[in-house]
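First comes the structure, then the notes that go with it.
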Amino acid sequence: MTTAPAGRAARKAIVRPADRIFAASTIIAGSLILAALAAVALFLIAESIPALVADPADLPRSPDSFLAYVGPLIFGTVWAAALALLMALPVSLGIALFISHYAPRRIAQVLGYIIDLLAAVPSVVFGLWGIKVLAPAVLPLYSWLVDNLGFLPFFTAPVSGTGRTILTVAIVLAVMILPIITAISREVFLQTPVLYEEAALALGATRWEMIQMAVLPFGRPGVISAAMLGLGRALGETMVVAMVLSPAIVISFVLTGSANPLTIAGNIALSFPEAFGVGVNALIATGLVLFVITLAVNSVARYVVNRRKAFSGAN
């Protein structure tokens, strides 16, 4: 009577070679990701120490401290990315809902392909578009904003004569992150259980009320993840900022002026070719700050998503 369970246990204990290979490969892949992240962090920390302990007079622009040097750059980075996310998120959600619940099937497929292709456009192309097309086109709008809404701190005179402002950069960044947020949100909305939607419609809800009651609550964690991925892309964007923006090391909320805060990534791209000595370490230290900001943003997003993990099939 005791031999049968032992035989079944022995059969269960048999592991095929393919299982061992697959398990080992997944462990190696996961370890490589952690090792790469740790290597980047160690490099940034080691190369940043000379700038953190150096005399502030040896840093670029001779600030009172390293915090005074990196503070305006942190502000510019967060300000530009927040503006871009504020503009891109509503449009992305609207496009995603149109594709998933309103558009005919053929139109939805075409729009999906276009969104996916837009995500593959190089950032340098967006930068050229921002300089040659967008900046001249928005000059009349900026003049109107300053003339009619100049009492607001965001549109204080004088207006930029080139259109290469932080608002222009934010618009370009919004266009860049729009396909990322749209593509992820679209897939999340399509995963909404059909029974949820049919139950809402059976209760007499309109299509929009059904989306409010069933689709949006179900897809909220996925939308948050999509927004944070887009925000991470905007925080680290380099070429668009370096090409479009007319930068200054200032902290300013003015969106249409000629004195615009610079981002960390843009400052590294513009200053690195001429940097030497402690200046190189200072730029790497600002890269460490950007690394920490991006890591913090994604950690907060992961925490928010995990709180509602049970309500979403996107996780």
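For Cα Rg over 2.2 N^0.38 Å, the value computed from the atomic coordinates appears in the list [x] 1.13; [y] 1.27; [z] 1.02 under label [y]. Stretching the chain fully between GLU209 and LYS132 yields a gain of 23.5 nm (0.36 nm per residue, less the alpha carbon separation). Assuming charge only on the beta carbon of Lys and Arg (+1) and of Asp and Glu (-1), the dipole of the chain about its Cα centre is about 1380 debye to the nearest 20. The packing ranking of peptides 200-207, 94-101, highest mean first, is 94-101, 200-207, where packing means the average number of other beta carbon atoms within 10 angstrom of each residue.
Contact order for the chain, expressed relative to its length and based on alpha carbon pairs under 8 Å spaced 6+ residues apart, stands at 27 percent.
Placing unit charges on each Cβ (+1 for Lys and Arg, -1 for Asp and Glu) gives the chain a dipole about its Cα centre, and among ASN306, ILE166, ALA269 the Cα reaching farthest toward its positive end belongs to ASN306.
Cβ neighbours within 10 Å, averaged per peptide: list 151-161, 285-295 in order, most packed at the top.
Working: 151-161: 14.6, 285-295: 19.4.
Put in order of decreasing packing, that is 285-295, 151-161.
Sorting the segments 259-265, 128-134 by their residues' average number of neighbouring beta-carbon atoms within 10 angstrom, most packed first, yields 259-265, 128-134. Using a cutoff of 8 angstrom between alpha carbon atoms and counting only pairs six or more residues apart, the relative contact order for segment 219-272 works out to 32 percent.
Using the Cα centre as the reference, give the magnitude of the dipole from point charges on the C-beta atoms of segment 40-130 (Lys, Arg: +1; Asp, Glu: -1; all else neutral), rounded to the nearest 20 debye.
640
For ASN260, nonlocal amide neighbours, meaning residues 5 or more places apart or on other chains whose placed amide H falls under 5 Å from its own, are ALA248.
3J(HN,Hα) couplings calculated from phi for segment 40-52 with the Karplus curve 6.51 cos²θ - 1.76 cosθ + 1.60 (θ = phi - 60°) are, in sequence order, 4, 4, 5, 4, 4, 5, 4, 7, 8, 4, x, 6, 6 Hz; Gly and Pro show x.
Any read-out appearing in this document is the output of simple, stated calculations on the displayed coordinates, not a laboratory observation. Here the structure is a predicted model, which is why all the values come from computation and not from measurement. Neighbour counts run over all protein chains shown; Cβ positions are idealised from the backbone, glycine included.
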